[in-house]
1. If you find the alpha carbon centre of the stretch 284-311 and of the stretch 1-63, how far apart are they in angstrom?
2. Please report, largest first and rounded to whole Å, the three semi-axes of the ellipsoid equivalent to the stretch 155-254, where each semi-axis is the square root of five times an eigenvalue of the C-alpha gyration tensor.
3. Simple spin-label model, 7 Å along Cα-to-Cβ: residue 41 to residue 22 in nm?
4. Can you tell me the order of 135-146, 15-26 when each peptide is scored by its average per-residue count of other Cβ atoms within 10 angstrom, highest first?
5. Using a 10 Å cut-off around each Cβ, can you sort 158, 324 from fewest to most neighbouring Cβ atoms?
6. Working out 0.36 nm times the residue gap between residue 250 and residue 343, then minus their Cα-Cα distance, what length gain in nm do you get to one decimal?
7. Enter the Cα centre distance for the pair the stretch 124-167 and the stretch 317-342, rounded to the nearest angstrom.
8. Give the Rg (one decimal place) followed by the Dmax (whole number) of the stretch 1-71, computed from C-alpha coordinates and expressed in Å.
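Coordinate-derived values only; no laboratory data. Everything quoted here is computed from the prediction, not taken from an experiment. We place every Cβ from the backbone using ideal geometry, glycine too, and count neighbours over all the protein chains shown.
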């Protein structure tokens with residue numbers, strides 16, 4: 001959906017949910033295909049109204065639209081888009097009685113969902129993958145008719161080809177899909193063996209998937225019309241590609257920021273110096289000031305993930321942990337003992353302050 005959902009529903013960007021619901025109900029009633037049988041564009045307008053309502057009635061989807069300004073693509077190709085922009089459930093179908101005996105309405109195909117795993121670097125830079133997906137083609141054996149060679153579909157005698165039957169229930173009359181032909185209006189006495197009477201066959205197809213920079217686990221890309229086939233002339237479903245970010249041995253992700261914990265030696269912490277820090281773009285040198293305490297966090301600007309659909313990058317947060325030396329030899333023990341005797345408590349302000357507070361508490 002490339003148009004503004006606010007514009008579709010005719011509401012202001014600050015509109016309350018009650019206003020959005022009211023606008024949706026009015027427009028859905030106005031553009032419902034059953035109320036506009038002679039308007040070939042009514043179905044598309046009704047679908048747009050439903051899509052707009054599905055975005056604006058969901059707090060997360062509305063916030064995502066307000067932030068990125070679009071529901072198309074995430075920067076990808078081939079019709080990919082944010083999850084949740086599919087058809088809204090048609091709550092009005094029962095109100096209109098199935099179209100008053102007109103021919104069967106097409107049934108939309110099922111949506112498909114697949115998962116792909118990307119590394120931290122791929123998520124930061126974007127990546128193109130080739131994946132194998134199911135595709136559906138017309139059956140050559142029966143020329144897509146669903147009937148065995150030498151035969152052909154016949155008009156369903158139960159519904160006289162309408163695909164619907166009217167059922168009387170007391171004072172009420174309801175229209176339902178024909179159970180014999182499944183609503184197609186046609187009956188196949190001898191189905192094609194190659195496609196089981198469906199008229200289509202499933203094959204495998206290679207799809208090139210462009211994953212935009214900045215994606216995170218759980219986000220979805222959508223390929224319109226690449227899902228399951230529709231029935232009775234209905235449109236196909238959509239294909240959703242779900243992103244999963246691989247675990248990284250050094251990094252953790254926090255929004256668009258990257259968190260990294262690095263051990264430094266006792267002498268580096270005490271005297272300061274330069275240390276090598278891994279980033280998604282390679283190693284960089286970072287200064288550690290003298291007297292650095294364990295747990296101190298430094299910030300490397302613009303070393304995190306790019307904002308999805310934008311230019312700004314997050315930062316990398318570097319947390320240092322001072323390692324206590326172990327397996328000391330005699331000379332090292334001697335030097336540390338001498339250091340402790342020489343320094344006293346005045347060079348340990350945190351420890352001195354702690355003991356002062358403890359004395360006040362316990363006398």
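1. Taking the Cα centre of each part, the stretch 284-311 and the stretch 1-63 sit 45 Å apart.
2. Listed largest to smallest, the semi-axes of the stretch 155-254 are 45, 20, 10 Å.
3. 2.8 nm
4. 135-146, 15-26
5. Fewest-to-most Cβ neighbours within 10 Å comes out as 324, 158.
6. Difference between extended and current length: 29.9 nm.
7. Using only Cα atoms to place each centre, the spacing works out to 75 Å.
8. Spelled out, the Cα radius of gyration and Dmax of the stretch 1-71 are 12.3, 39 Å.
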